[in-house]
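First the structure, then my questions, so here it is.
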Amino acid sequence: MTEANFDYQHVEGGVPIKMWTRGVPVDDKARAQLARAAQMPFIFKHVAAMPDVHVGIGATVGSVIPTKGAVIPAAVGVDIGCGMMAARTSLVASDLPDNLEGVRAAIERAVPHGRSVGRTKRDTGSWGDPPPAIVEAWATLFARFETITAKYPRLKNTNNLVHLGTLGTGNHFIEVCLDTEQRVWVMLHSGSRGVGNAIGSFFIELAKQDMRKWHINLPDQDLAYFPEGTDHFDDYVEAVGWAQDYAALNRRMMMTNVIRAIRSEITKPFDAELKAVNCHHNYVSRETHFGENVLITRKGAVRAAKGVLGIIPGSMGAKSFIVRGLGNAESFDSCSHGAGRVMSRTQAKKEVSLAEHIADTAGVACRKDEGVIDESPRAYKPIEAVMAAQADLVEIVHTLKQVVCVKG
């Protein structure tokens, strides 16, 4: 028997927490938030905490929450289906131009990103007039969306079609990377955008209303849940499944447009998606673990079943990894979704200087302004320590380093 690679946290009145956090910092508030989730009566076996674990809204980011007979909408969150896509091209480093700002600008033109608000102008993060390919892709989701909005009409007038194939803000990004063999990859991170946010927010509030109606006391109101067998449970599972499919398609459409943008800057013909991975890290799915059928909610965690490929990105300026799952049953076949924050956004803006951000992103064609300080490498845990802490969850297949980074 090999020694377990996790630490064991006992929870008074709840299931234990198994934490893959050796060698990485864990905030006391994150431990307390994990413990509150572990106290819910329908948690199956234990809660698993990944090495990038940190405080989140509703549930801890970097947590795997297995449930039987109930689902917690806030444990999935509002960025439903948020995840990663990576594709290897046939290009190598020497095929790239010496100055990559042209490639970066082409990607920024091809994919709506960021967000601007105002009555007189279009939001830069959405399509003004969606291209035909986006309209065609939306048609594959529309019938199921109509079924959902027939029950919940307020979800109809949301940013759905106009956000398909767009990046968003915050920690979402598009990158051009090199692996250790100097092969060029394209990697991106986004989710279900405005429509997913609307679905998540709506059902989180609906669950809270149900708890008040049934006079159910919770250790945290964000742990409001839908019991299996109720209409709201079925409707949420249907809506969250649709949003997860939207998120995967969103990444696919972005990847298509990013590859097209790169081709506009690099005249050499090349193949794309020689090896492609598209994985969620904010989602819920029905799976079999320890011989039982359970719902697995991964909030900032990636499925790492044996042989399954996943993506673990570092921060701007840091390494990222294409990994293969080792199928560790104790983690519910999961691994981290990234490095994990070590500073809140507010704290990073106060403590990280622009000069430090510029130094930490040297060699990367990216934004080097005050507006992205909260995403600077110093705001995140060291990705090497995170990977070492989960050596029994995944094996590294490819190590990537970005040379271009587009953020909203």
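Can you name every residue in the range 108-126 that is open to solvent by 30 Å² or more (accessible area, probe 1.4 Å) and assigned to a helix (DSSP H, G or I)? Working first, answer last.
Within the range 108-126, the first condition is being open to solvent by 30 Å² or more (accessible area, probe 1.4 Å), and the residues that meet it are 108-109, 113, 115, 117-124.
Correct list: Glu108, Arg109.
May I pose another question? Scan Gly81, Gly62 and give me the residue that is assigned to a loop (DSSP other than H, G, I, E, B), within 30 Å of Phe226 (Cβ to Cβ), open to solvent by less than 70 Å² (accessible area, probe 1.4 Å) and touching an Asp or Glu at 6+ places or on another chain (Cβ under 9 Å).
Numbers: Gly62 fails: assigned to a loop (DSSP other than H, G, I, E, B).
Being assigned to a loop (DSSP other than H, G, I, E, B), within 30 Å of Phe226 (Cβ to Cβ), open to solvent by less than 70 Å² (accessible area, probe 1.4 Å) and touching an Asp or Glu at 6+ places or on another chain (Cβ under 9 Å) holds for just one of Gly81, Gly62, which is Gly81.
Further, regarding this structure: Would you pick out the residues in the range 367-385 that are assigned to a loop (DSSP other than H, G, I, E, B) and either β-branched (Val, Ile, Thr) or in contact with a Lys or Arg (Cβ under 7 Å, 6 or more places away or on another chain) (or both)? Spell out how you get there, then give the answer.
We begin by selecting, within the range 367-385, every residue assigned to a loop (DSSP other than H, G, I, E, B); these are 367-369, 376, 381-382.
The one that is assigned to a loop (DSSP other than H, G, I, E, B) and either β-branched (Val, Ile, Thr) or in contact with a Lys or Arg (Cβ under 7 Å, 6 or more places away or on another chain) (or both): Arg367.
Considering only residues that are touching a helix residue (DSSP H, G or I) at 6+ places or on another chain (Cβ under 7 Å) and over 30 Å from Gly69 (Cβ atoms), which ones fall in the range 231-262?
Of everything in the range 231-262, those that are touching a helix residue (DSSP H, G or I) at 6+ places or on another chain (Cβ under 7 Å) and over 30 Å from Gly69 (Cβ atoms) turn out to be Leu249, Asn250, Met253, Asn257, Val258, Arg260, Ala261, Ile262.
Can you give me the number of residues within the range 323-332 that are buried (at least 23 other Cβ atoms within 10 Å of the Cβ) and part of a strand (DSSP E or B)?
Residues in the range 323-332 being buried (at least 23 other Cβ atoms within 10 Å of the Cβ) and part of a strand (DSSP E or B): 1 in total.
Scanning for something assigned to a helix (DSSP H, G or I), at pLDDT 95 or above and in contact with a Ser or Thr (Cβ under 6 Å, 6 or more places away or on another chain), does the range 139-158 turn up at least one residue? Reasoning before the result, please.
As a first pass, look at the range 139-158 and keep what is assigned to a helix (DSSP H, G or I): 139-151, 153-155.
Still in the running and at pLDDT 95 or above: 139-151, 153-155.
Applying the additional criterion that residues be in contact with a Ser or Thr (Cβ under 6 Å, 6 or more places away or on another chain) yields 155.
Within the range 139-158, one or more residues are assigned to a helix (DSSP H, G or I), at pLDDT 95 or above and in contact with a Ser or Thr (Cβ under 6 Å, 6 or more places away or on another chain).
Right, another one. List the pairs whose first member sits in the range 224-241 and is without any contact (Cβ under 8 Å) to a residue 60 or more places away in the chain, whose second member is aliphatic (A, V, I, L, M) and open to solvent by less than 40 Å² (accessible area, probe 1.4 Å), and whose Cβ atoms are under 7 Å apart, counting only residues at least 6 apart or on separate chains?
His232/Leu206
Within the range 142-184, can you find the residues that are over 18 Å from Pro112 (Cβ atoms), open to solvent by less than 20 Å² (accessible area, probe 1.4 Å) and touching a residue at least 24 places away in the same chain (Cβ under 8 Å)?
Going through the range 142-184, the residues over 18 Å from Pro112 (Cβ atoms) turn out to be 142-157, 176-184.
With open to solvent by less than 20 Å² (accessible area, probe 1.4 Å) added as a condition, the list becomes 145, 148-149, 155, 176-177, 179, 184.
Within the range 142-184, Phe145, Ile148, Leu155, Val176, Cys177, Asp179, Val184 qualify.
Also, I was wondering about something else. Just to verify a result, which residue in the range 269-305, among those that are open to solvent by 10 Å² or more (accessible area, probe 1.4 Å) and among the basic types (Lys, Arg), is modelled with the lowest pLDDT?
By that ranking, first place goes to Lys275.
Restricting the search to the range 65-78, which residues are in contact with a helix residue (DSSP H, G or I) (Cβ under 7 Å, 6 or more places away or on another chain) and either open to solvent by 10 Å² or more (accessible area, probe 1.4 Å) or of a type in the set (Ser, Thr, Tyr) (or both)?
Val78, the sole residue that qualifies.
Kindly evaluate Ala105 against the criterion of being open to solvent by less than 50 Å² (accessible area, probe 1.4 Å) and assigned to a helix (DSSP H, G or I). Lay out the reasoning, then the answer.
On the way: open to solvent by less than 50 Å² (accessible area, probe 1.4 Å): yes; assigned to a helix (DSSP H, G or I): yes.
Yes.
What are the residues in the range 297-320 that are in contact with a strand residue (DSSP E or B) (Cβ under 6 Å, 6 or more places away or on another chain) and in a strand (DSSP E or B), if any?
Hits for the range 297-320 are Thr297, Arg298, Lys299, Ala301, Val302, Leu309, Gly310, Ile311, Ile312, Lys319, Ser320.
Let me ask another. With the checklist (1) out of contact with any strand residue (DSSP E or B) (no Cβ under 7 Å at 6 or more places or on another chain); (2) assigned to a strand (DSSP E or B) in hand, flag the one item Val294 doesn't pass.
Failing condition for Val294: (1).
When you go through (1) of a type in the set (A, V, I, L, M); (2) farther than 30 Å from Glu101 by Cβ; (3) under 19 Å from the mean Cα position of the chain (by Cα) one by one for Val294, which number turns out not to apply?
Evaluating Val294 over (1) of a type in the set (A, V, I, L, M); (2) farther than 30 Å from Glu101 by Cβ; (3) under 19 Å from the mean Cα position of the chain (by Cα) leaves (3) as the failure.
Now, a different point. Being touching a Phe, Trp or Tyr at 6+ places or on another chain (Cβ under 8 Å), within 30 Å of Ser344 (Cβ to Cβ) and outside any helix (DSSP H, G or I) is true for just one of Leu178, Leu167, Leu218. Which residue is that? Don't jump to the end; show me each part of the working.
Numbers: Leu178 fails: within 30 Å of Ser344 (Cβ to Cβ); Leu218 fails: touching a Phe, Trp or Tyr at 6+ places or on another chain (Cβ under 8 Å).
None of the other options fit; the residue is Leu167.
Output the residues belonging to the range 355-382 that are touching a residue at least 24 places away in the same chain (Cβ under 8 Å), in contact with a helix residue (DSSP H, G or I) (Cβ under 9 Å, 6 or more places away or on another chain) and open to solvent by less than 30 Å² (accessible area, probe 1.4 Å).
Across the range 355-382, the qualifying residues are Thr361, Ala365, Cys366, Val372, Ile373, Asp374, Glu375, Ser376, Pro377, Ala379.
How about the range 22-54: which of its residues are in contact (Cβ under 8 Å) with a residue 40 or more places away in the chain and more than 18 Å from Asp333 (Cβ to Cβ)?
Result: Arg22, Gly23, Val24, Pro25, Gln33, Arg36, Ala37, Gln39, Met40, Phe42, His54.
Can you tell me which residues in the range 386-397 are open to solvent by less than 30 Å² (accessible area, probe 1.4 Å) and out of contact with any Lys or Arg (no Cβ under 8 Å at 6 or more places or on another chain)? Before you say what the answer is, go through the steps one by one.
Filtering the range 386-397 down to residues open to solvent by less than 30 Å² (accessible area, probe 1.4 Å) leaves 386-387, 389-390, 393-394.
Hits for the range 386-397 are Val386, Met387, Gln390, Leu393.
Exactly one condition in (1) open to solvent by 10 Å² or more (accessible area, probe 1.4 Å); (2) more than 21 Å from Ala87 (Cβ to Cβ) is false for Val308; which is it?
(2)
Right, something else. Of the residues that sit in the range 206-250 and are farther than 25 Å from Val162 by Cα and among the acidic types (Asp, Glu), which one is least open to solvent (accessible area, probe 1.4 Å)? Let's see the steps before the verdict.
We begin by selecting, within the range 206-250, every residue farther than 25 Å from Val162 by Cα; these are 206-234.
The next check asks that each one be among the acidic types (Asp, Glu); those that pass are 210, 220, 222, 228, 231, 234.
Details: Asp210: 6, Asp220: 32, Asp222: 37, Glu228: 89, Asp231: 114, Asp234: 83 Å².
Looking at residues that are farther than 25 Å from Val162 by Cα and among the acidic types (Asp, Glu), I get Asp210.
The values are calculated or read from the model by the stated rules, or taken from the named source; none is laboratory data. Every value quoted in this text rests on a predicted model; they were computed, and no experiment measured them. Here the Cβ is made from the backbone with ideal geometry for all residues, glycine too, and neighbour counts use every protein chain on show. Remember, those area values only see protein heavy atoms, side chains included, never the ligands or the DNA or RNA. Shrake-Rupley method; radii C 1.70, N 1.55, O 1.52, S 1.80 Å.
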